[in-house]
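Each value in this text was obtained by applying a stated rule to the coordinates, not by laboratory testing. What you see is a predicted model, and the numbers here were worked out from it, not measured in a lab. Note that we place each Cβ from the backbone using ideal geometry, even for glycine, and neighbour counts take in every protein chain shown.
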Amino acid sequence: MLGTGQPPDRPADVVIIGAGASGSVAAAALTGAGFRVVCLEQGEWSDTADYMSAEPEAELAWHEKWNPNQNIRRNPADYPVTGDADIHPTMYNGVGGGLVQWAAMWQNLLPSDFRVRTLDGVADDWPIGWNDLAPFYDRAARDMSVSGLSGDPAFPELAYPNPPMPIGRSGMAAARGMDRLGWHWWPGVNAIASRPHNNLNACQRRGTCIIGCPENAKANGALTHWPGALEGGARLITGARVREIALDRQGRARGAVYIDRNGAEHLQEAGVVILAANGAGSARLLLMSTSPQFPDGLANSSGLVGRRLMQHPYRTVMVVMEEELDSWEGPWGQRIYSLEFAETRPEHDFVRGAKLHVCPHGGPMFAVYDHHNAHRDAGFDGLWGAEFHRAADTVFGHAFTWGVQAEDLPEESNRIILDPEVTDSDGLPAVRAEYRVSENSRRMLDFNAARAVEAAEAAGAVETSVSSIWPTGISHILGTTRMGDDSSSSVVDRWCRAHDVPNLYIVDGGVFVTAGSANPTATIMANTLRVVERMIEQRRHQESAV
Ligand SMILES: Cc1cc2nc3c(=O)[nH]c(=O)nc-3n(C[C@H](O)[C@H](O)[C@H](O)COP(=O)(O)OP(=O)(O)OC[C@H]3O[C@@H](n4cnc5c(N)ncnc54)[C@H](O)[C@@H]3O)c2cc1C
């Protein structure tokens, strides 16, 4: 239903909703294969000059315009996330999606992550395995100019197009502790170019990656995929907020109804609709797309749209050493990572595991900020004046952070629904998150944070301080439209096609069956390639049969 009498836009072969990580991949691959692609993105292009990352006040930007929490940032493209949740989903909305602000840690899932029901008796197995993704992990790493060292015993077959970034003094110090304990670690793999590669320049190691890379060295679909897609004829419409997936009389997707930045409605028709709006945005859009045929939301006959939300509960351990660590130095990015405790062990009181990674500690603001967080109860004199200077002296340049990233098992009560009252700037319902961190995740975090402290002490730390669970999470939004072979217990099939709507696909992180402990984007991008390559193959077959 179009409210304003606008004529429909010219039909496309494929309309993609969302120009983030998965949308960028789908657009580039499909355009390259000759599909007529239109992508609708509610946000805008970011201007590299706007990032502030090279400015002296860069660390302040984190708290304002470039805050990773959309509820604080409040760009026109953002929609609010409300609700009573232990962790609130956060995201960036614009061309490149979360990749504008991501830390670019590039981490593949482990083979066991696809088989947790078989191996550990929990959750479900994926309908696909690691080998189904292997060639696409490889291709995605090349497209994203990933820098890393091959030979990690956890992934012996992986190779990367660029040499690894230096792990620096902080990586060396953290690794020393792991070596003393005999635990696995490996130099960090990051989608940051260590040398000029494809469209990316070489990293200048500012360490301000999360507020946008001023050098264009951090991979982001806006740089890595969109230039080629646009040159190949894709049409990317920004400021276009999709409010509904329209259906035809047969119950097939007809296209997407969107609101442009002037408030006018349009229908973009297409033969195929691909949802790439992330684990929150795609579930939201399906729940908004109600009709007599789908009163509970589109593609929701299983009742699982929005459910099984997984977010990688996260804690950090700040480690202060006496030695000089140049701890402001980038990338940020992971220096090293460890998968020592990423899988189930019989002696643990929890199943599955966590990934540990070392990040830099940032500039003077971050140094003092962390100190203040750790000593909140110290009173005015304990936080300011001489004590403030002491904290800056001991922490700045001498610290690094162990990130503790827990695998989050899916639970149906953890979910995204539509907020009945709060809306975005177009009057569309906000997302409401209902989410509790499970006992399994809490134990996993306690255990792994204690291991990070142990490793820090083995390295010679003079101070460690463990954070509580980050309430705004780390922007990993997974599981809300899970894939599976059984239409009663999944939203999309193994090819990410909606069980209920044959020409509707979902390719973002919502399709994850379980979360593993790896940062998800490598898998999101590899899986998108797997899905769209099959669409391309199917069309080739159809054409050759004519
Ligand atoms: C600060 C930060 C750090 C991160 N660090 C890492 C990391 O180190 N490693 C890692 O693997 N991952 C990291 N992530 C997560 C990573 O960014 C996401 O996993 C990834 O971007 C998800 O890809 P996606 O395609 O599912 O969705 P997104 O990239 O979020 O893209 C979705 C797009 O859809 C658009 N959209 C949504 N709804 C609509 C609508 N109704 N109409 C039109 N457009 C719409 C949005 O505006 C957005 O641009 C980080 C994220 C953040 C924010």
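Numbers at a glance
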{"quantity": "Euclidean distance between Cα centres, the range 475-531 to the range 156-232, Å", "calculated": "26"}
{"quantity": "Whole-Å semi-axes of the range 316-411's equivalent ellipsoid (Cα gyration tensor)", "calculated": "31, 17, 10"}
{"quantity": "Fewest-first ranking of Met318, Met365, Met52, using other Cβ atoms within 10 Å as the exposure measure", "calculated": "Met365, Met52, Met318"}
{"quantity": "Cα-based helix-to-principal-axis angle, 386-395 vs the chain, degrees rounded to 10", "calculated": "70"}
{"quantity": "The range 1-111: relative contact order in percent, alpha carbon pairs under 8 Å with at least 6 residues between", "calculated": "27"}
{"quantity": "Loop-resident sites, the range 397-452, for GluC sites (Glu not before Pro), counting at most 16 other Cβ within 10 Å (DSSP)", "calculated": "Glu412"}
{"quantity": "Candidates per chymotrypsin sites (Phe, Trp or Tyr not before Pro) in the range 375-457, loop by DSSP, up to 14 other Cβ within 10 Å", "calculated": "Trp384"}
{"quantity": "Computed lengthening from Arg436 to Asp326, 0.36 nm per intervening residue step minus Cα-Cα distance", "calculated": "35.9 nm"}
{"quantity": "Cut-off 13 Å, label 7 Å out along Cα→Cβ of Ala378, residues of the range 431-463 by amide N", "calculated": "463"}
{"quantity": "Degrees, to the nearest 10: 168-181 long Cα axis against longest axis of the chain", "calculated": "80"}
{"quantity": "Angle between the chain longest axis and helix 278-288 axis [Cα atoms, degrees, rounded to 10]", "calculated": "40"}
{"quantity": "Cα-Cα pairs of the chain separated by more than 30 Å (percent)", "calculated": "47"}
{"quantity": "Relative contact order for the chain, counting Cα pairs under 8 Å that sit 6 or more residues apart, in percent", "calculated": "23"}
{"quantity": "Long-range amide H partners of Ala12 with built H, under 5 Å", "calculated": "Glu269, Ala270, Gly271"}
{"quantity": "Of all DSSP beta bridges in the chain, antiparallel share, percent nearest 5", "calculated": "70"}
